[in-house]
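Coordinate-derived values only; no laboratory data. None of these values were measured; they are calculated from a predicted model. When we count neighbours, we look across all protein chains shown, and the Cβ atoms used for this are built from the backbone with ideal geometry, even at glycine.
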Amino acid sequence: MSVVVQKFGGSSVENTEKLFNICKYITKEYDNNNKVVVIVSAQGKTTDNLIKEAKEINKDIDKRELDVLISVGEQITIAKLAMCLKKLGYASISLTGWQIPIRTNDVYGNADILAINLDRVIRELNKNKIVIVAGFQGITEENDITTLGRGGSDTTAVAIAAVLKADKCEIYKDVDGVYNIDPKTNEKAFKYDYISYDEMLNLSNNGAKVLHNKSVKLAKEFNIPIHIKSLYDENANGTYIH
Ligand code: ADP
Ligand code: ASP
Ligand code: MG
């Protein structure tokens with residue numbers, strides 16, 4: 001038995017059909033007798049739309065209240081994914097960042113994780129449930145809601161994999177791996193089968209938004225191998241970041 005952490009981003013959970021689609025990757029690991037923790041982002045453009053709506057109220061955004069607003073997207077996804085898995089007959093439970101809790105500093109909109117207590121997650125795994133965690137969300141010592149920065153669900157996934165000492169940390173994307181340049185805009189882009197943490201950090205820092213750069217730093221610090229996998233091709237090798 002292994003502990004597997006899987007992360008699915010906004011485009012992978014965009015609608016109900018896509019939510020049911022990712023269930024096959026989750027249940028495959030579960031059916032192989034693994035403990036599975038799933039991290040998800042907000043559906044599609046939910047976060048962008050919420051930011052737009054906040055700006056309609058006041059262009060000079062209140063950062064604390066913005067985090068209360070935009071963290072909502074991930075809560076919608078975890079509830080729906082748990083419902084999908086239950087519909088398929090799998091025991092599962094959704095948990096928000098504050099239910100866990102994922103403690104952060106109070107840098108609203110770009111908070112750093114300070115500590116994670118996984119007691120609840122482990123209890124649920126031991127009840128043979130698939131645990132679904134909201135990405136992006138944190139909570140301060142004062143119990144104020146924070147978010148980890150745009151794209152921050154990758155960081156939630158790597159942080160949980162680190163604390164759980166997971167055997168696998170899989171991050172599913174709508175591309176089949178990490179390329180030297182965005183494959184959607186450049187035909188000549190080539191895919192890496194393996195890439196080092198430092199090379200990956202270099203790509204992220206130069207604007208490749210394929211992985212949140214804090215997640216790569218964390219993976220390097222705790223030596224967590226990340227496997228970037230394709231959402232559309234189960235047999236593709238993807239990219240190992242190590
Ligand atoms: P998610 O919704 O899973 O968080 P993102 O949209 O954040 O996914 O990241 C995936 C996208 O990153 C891909 O669709 C791709 O167009 C883009 N991308 C940018 N640079 C790269 C790169 N160097 N390698 C792979 N994908 C890249
Ligand atoms: N929903 C957040 C965002 O759009 C976090 C994430 O997708 O990782 O930035
Ligand atoms: Mg992303």
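How big is Rg to Rh over the range 152-242, alpha-carbon atoms, Rh as the Kirkwood inverse-mean-distance radius?
Working: Rg = 12.3 Å, Rh = 13.0 Å.
Rg divided by Rh gives 0.94.
Run through the range 170-242 and list the trypsin sites (Lys or Arg not before Pro) located in a DSSP loop whose Cβ has at most 10 other Cβ atoms within 10 Å.
Values: sites: Lys173, Lys184, Lys188, Lys191, Lys209, Lys214, Lys217, Lys220, Lys229; in loops: Lys184, Lys188, Lys209.
Passing both the DSSP loop test and the Cβ count: Lys184, Lys188.
Longest span of the chain, sites excluded, free of GluC sites (Glu not before Pro) in DSSP loop with at most 14 other C-beta atoms within 10 Å?
Details: sites that count: Glu141, Glu142, Glu187, Glu234.
Formally, the longest exposed-site-free interval is 1-140.
Among the lysines, which fall within straight-line cross-link reach of Lys220, defined as a Cα-Cα distance under 22 Å, with same-chain neighbours fewer than 8 residues apart omitted?
Within reach: Lys7, Lys165, Lys168, Lys173, Lys191, Lys209, Lys229.
Give the residue list of trypsin sites (Lys or Arg not before Pro) in the range 29-61 that are DSSP loop and have at most 12 other beta-carbon atoms within 10 angstrom. Working shown, then result.
Values: sites: Lys35, Lys45, Lys52, Lys55, Lys59; in loops: Lys45, Lys59.
Taking the range 29-61 and a limit of 12 other Cβ atoms within 10 Å, the loop trypsin sites (Lys or Arg not before Pro) found are Lys59.
Rounded, prolate or oblate: which one fits the range 45-144, using the alpha carbon gyration tensor with axes a ≥ b ≥ c (rounded when a/c is under 1.5, else prolate when a/b beats b/c, else oblate)? Numbers along the way, then the final one.
Details: a/c = 4.05, a/b = 1.52, b/c = 2.67.
Oblate, since a/c reaches 1.5 and b/c is not below a/b.
Of the beta bridges DSSP finds with both residues in the chain, what % are antiparallel, to the nearest 5?
Numbers: 10 of 36 bridges.
Of all bridge pairs located within the chain, approximately 30 percent are antiparallel.
Determine how many Å³ per residue the convex hull of the Cα atoms of the chain encloses. Provide the component values of the computation, followed by the final result.
On the way: hull volume 29.7 nm³, N = 242.
It comes to 123 Å³ per residue, whole-number rounded.
Determine the principal axes of the Cα atoms in the range 87-224, then give the extent along each, sorted from largest to smallest and rounded to whole angstroms.
46, 39, 27
Find how many whole Å separate the alpha carbon centroid of the range 18-49 from the alpha carbon centroid of the range 111-125.
When both Cα centres are located, 18 Å separates them.
Rounded, prolate or oblate: which one fits the range 123-177, using the alpha carbon gyration tensor with axes a ≥ b ≥ c (rounded when a/c is under 1.5, else prolate when a/b beats b/c, else oblate)? Spell out each step's value before the answer.
Numbers: a/c = 2.07, a/b = 1.10, b/c = 1.88.
In terms of gyration-tensor shape, oblate.
For the chain, what does the helix formula give at 222 nm: sum of -39500 (n - 2.57) over DSSP H segments with n ≥ 4, over the residue count, nearest 500 deg cm²/dmol? Numbers along the way, then the final one.
On the way: 8 runs with 91 residues, N = 242.
Rounded to the nearest 500, the figure is -11500 deg cm²/dmol.
If I require 20 Å or longer along the helix axis, counting alpha carbons, and a Kyte-Doolittle average no lower than 0.0, what helices from the chain are left? Use full DSSP H segments. Don't skip to the answer; put the middle values down first.
Details: long enough: 16-31 (22 Å, -0.72); 72-87 (23 Å, 0.56).
Both cut-offs are met by 72-87.
Please state, as a whole number in µm²/s, the translational diffusion coefficient that the Stokes-Einstein equation yields for the range 21-104 at 37 °C and 0.692 mPa s, with Rh defined as the Kirkwood radius across alpha carbon pairs. Spell out each step's value before the answer.
Working: Rh = 14.7 Å.
In µm²/s, the coefficient rounds to 224.
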